[in-house]
Amino acid sequence: MNGCVVFDLDGTLVDSVPDILAAANRLLDEMNSPAISRDVAVSFVGNGIPVFVRRVVNNAGLELPPEKISLAIERFTAIYRQNPATHGRPYPGVVAALEELGRRGFSLGICTNKARALADMVLERLDLTRHFRSVVGGDDLPHNKPDPAMLFACMADLPPGPCLFVGDSEVDAATARAAPVPFILFTQGYLKGPLPAPPDAHFDDYARLPGIVQELTTHPDSG
């Protein structure tokens with residue numbers, strides 16, 4: 001094997017916001033609150049469902065006690081679980097890039113703050129499961145990204161060798177730096193602002209990714 005490539009899921013491999021937005025707006029409708037826009041939903045994603053729901057509730061100006069927040073999180077999860085991949089799709093070129101990385105001998109993994117069961121459902125329904133030897137979700141360990149423990153757990157399930165992390169957000173960049181492993185930024189995802197430090201590489205077209213991975217694993221100082 002040439003090494004491993006670990007991916008974030010939402011905003012990196014899959015544009016999942018359409019389904020997340022639909023679930024959020026259904027929850028808000030049940031709470032007699034106005035719907036949010038895609039841009040607002042994008043600004044709230046990245047830290048897992050509990051944080052997302054708290055941000056949605058706070059944005060609506062609802063002052064709920066902790067037990068009601070917990071119920072809102074449970075309700076959102078139930079709604080989202082019904083349709084986790086109805087509108088969302090892999091970004092253009094994702095499948096071809098994953099297949100090419102596999103042909104080049106790279107082992108692939110997923111490290112996402114999305115709950116494991118939901119991540120598995122999205123991967124299965126979008127026919128992506130077959131590409132990955134390891135999947136670590138946001139409820140598999142006590143701490144979410146940017147704690148690097150999730151990334152370490154994913155890497156532990158993959159063959160030894162140089163490893164890269166591909167993500168789209170500040171959370172992903174911080175996770176890679178904490179590990180530390182080289183970070184490749186997908187620029188068409190859910191990044192909310194400039195990164196504190198430049199990524200080792202970046203791309204906006206998945207056709208470029210296999211070449212970037214090959215270069216960074218063959219010449220690790222080239223980034």
If N is the residue count of the chain, its Cα Rg over 2.2 N^0.38 Å rounds to 1.01
Would you mind calculating the gained length between THR218 and ARG75 on full extension (0.36 nm times residue separation, minus the Cα-Cα distance), in nm to one decimal?
-> 46.8 nm
Which distance in nm do the two modelled labels at LYS68 and ASP29 give, with both placed 7 Å along the Cα-to-Cβ direction?
-> 2.2
Any chance you could check the Cα centroid distance between the stretch 76-147 and the stretch 1-28 for me, in angstrom?
-> 7
Amide H partners (placed H, <5 Å) of PHE106, local residues excluded = ASN2
ALA207 to ARG125: FRET efficiency via 1/(1 + (r/R0)^6), r the Cβ-Cβ distance, R0 22 Å, to the nearest 0.05?
-> 0.35
May I ask you to list the lysines whose Cα is less than 22 Å away from that of LYS192, ignoring any residue fewer than eight positions away on the same chain?
-> LYS114, LYS145
What nm value, rounded to one decimal, do you get for the distance between THR187 and VAL95 when each label is placed 7 Å out toward the C-beta?
-> 2.7
So, in nm, how far is label ARG54 from label VAL40 when the simple model puts each one 7 Å beyond its Cα toward the Cβ?
-> 1.9
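Only the coordinates and a few stated rules stand behind these numbers; no lab work does. From a predicted model like this one, the values you see are computed outputs, not experimental measurements. No Cβ is skipped: glycine too gets one built from the backbone with ideal geometry, and neighbour counts run over all protein chains shown.
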